Amino acid sequence: MPETTTGTIIDHLTADHQQIKVLFSDVMFVRPENRADTFSQLVTELVQHEAAEEVVVYPEVGAATNDGASAVVPRLREQAETEQMLALMETLDPRTPEFIAALTELSIAVINHAEAEERRIFPLLRRVEDPDALFELAARYEQAKHNAPVHPHAADTPPAHKVLRPVTALFDRARDAVRRA
């Protein structure tokens, strides 16, 4: 785990949501010949954020509150749809109008998802009675992001993702290292 984690899980999730919005803007407005690299950064951030939520945040919310499942299940469905969209987009040429159209659709879906989390998940996290637990969740979340895959794996749906994600994370990093070499 990271040696020091500042802020609660809500602080970390909020910061990630803001960073993802900035990355969407960067991808949209970067020069077409540079779009692939910027999109790769967005993909990595989204996939790691979603994987960490699935492993750390959603189980905590589901277990700690009576109405957690009704808030978590739609978010998991949205994240699965996002991963499918990302996987498709990785096959498109980032310089094309088709890519920009898909990026626009993805941006709307992800921003709506983040807003739904902030409306439905954050209040449930705030109900956690032990304030230290929110800091501990933040540390676990950051560790899960660090160990998460960096590319979408649309077939990874709960509960299979708990087994497959560590393997796919290693594969992703090895594949990227070979491509850079």
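Placing dummy labels 7 Å off each Cα toward the beta-carbon, the span from Ala87 to Ser70 is 3.2 nm.
Could you tell me the calculated FRET efficiency between Arg127 and Thr6, based on Cβ-Cβ distance and R0 = 30 angstrom, to the nearest 0.05? Given R0 = 30 Å and the Cβ-Cβ separation, E is 0.85.
Under a point-charge model restricted to the Cβ atoms of Lys and Arg (+1) and Asp and Glu (-1), what is the dipole moment magnitude of region 32-102 relative to its Cα centre, in debye to the nearest 20?
Values: 4 positive and 14 negative charges, 19 e Å.
Roughly 80 debye for region 32-102.
Whole angstrom only: what separates the Cα centroid of region 88-117 from the Cα centroid of region 34-72? That distance is 16 Å. Given R0 = 30 Å, the distance between the Cβ atoms of Ile111 and Asn34 translates into a calculated FRET efficiency of 0.85. Of the residues Ala51, Ser25, Gln84, the one whose Cα sits farthest toward the positive end of the charge dipole of region 1-121, with +1 on the Cβ of Lys and Arg and -1 on the Cβ of Asp and Glu, is Ser25.
Coordinate-derived values only; no laboratory data. Bear in mind that the values here come from a model prediction, so they are computed numbers and not experimental data. So basically every Cβ, Gly included, is an ideal-geometry build from the backbone, and we count neighbours across all protein chains shown.
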